[in-house]
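Below: the structure, in structure tokens.
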Amino acid sequence: MPVVVKLKEILAERNMSQRELARLTGLRPNTISHLCSNEVDRVHLSTFDIICKTLNISLNELLVQEDD
């Protein structure tokens, strides 16, 4: 089953820009942009950890498994 990164939706709910998240996390804006696209193929777990801690969410909220 494919796993979808819900970062774009979470940022929209919080009225937070990708640039703001990049600033808060110290991650590159390109990394955040990539995670907000539908083209995510691989990511370091540490990147998800940083995002989850910054947004105060669980990994289950960030990654959602979808049926085919």
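The apolar share of the surface of the chain, taken as the fraction of accessible area on carbon and sulfur atoms (1.4 Å probe, ligands and nucleic acids excluded), comes to 45 percent. About its Cα centre, the chain has a charge dipole of approximately 480 debye under the convention of +1 per Lys or Arg Cβ and -1 per Asp or Glu Cβ, with nothing else charged. Computed from backbone phi, the HN-Hα couplings of segment 22-28 come to 4, 5, 5, 8, x, 7, 5 Hz, rounded to whole numbers (Karplus: 6.51 cos²θ - 1.76 cosθ + 1.60, θ = phi - 60°; Gly and Pro given as x). In the chain, helical runs assigned H by DSSP with n ≥ 4 each contribute -39500 (n - 2.57); averaged across all residues and rounded to the nearest 500, the mean residue ellipticity at 222 nm is -14500 deg cm²/dmol. Taking amide H atoms as placed 1.01 Å from N in the peptide plane, the amide H of Val4 lies under 5 Å from those of Val64, Gln65, Glu66, each 5 or more residues away in sequence or on another chain.
Over 19 Å apart: what share of the alpha carbon pairs of the chain falls there, rounded to a whole percent?
That fraction is 23 percent.
Solvent-accessible surface of the chain, averaged per residue with a 1.4 angstrom probe and all protein chains in place: 73 square angstrom.
The values are calculated or read from the model by the stated rules, or taken from the named source; none is laboratory data. Model, not experiment: these values are computed from the prediction. So basically every Cβ, Gly included, is an ideal-geometry build from the backbone, and we count neighbours across all protein chains shown. Accessible surface areas use protein heavy atoms only, side chains included; no ligands, DNA or RNA. Shrake-Rupley method; radii C 1.70, N 1.55, O 1.52, S 1.80 Å.
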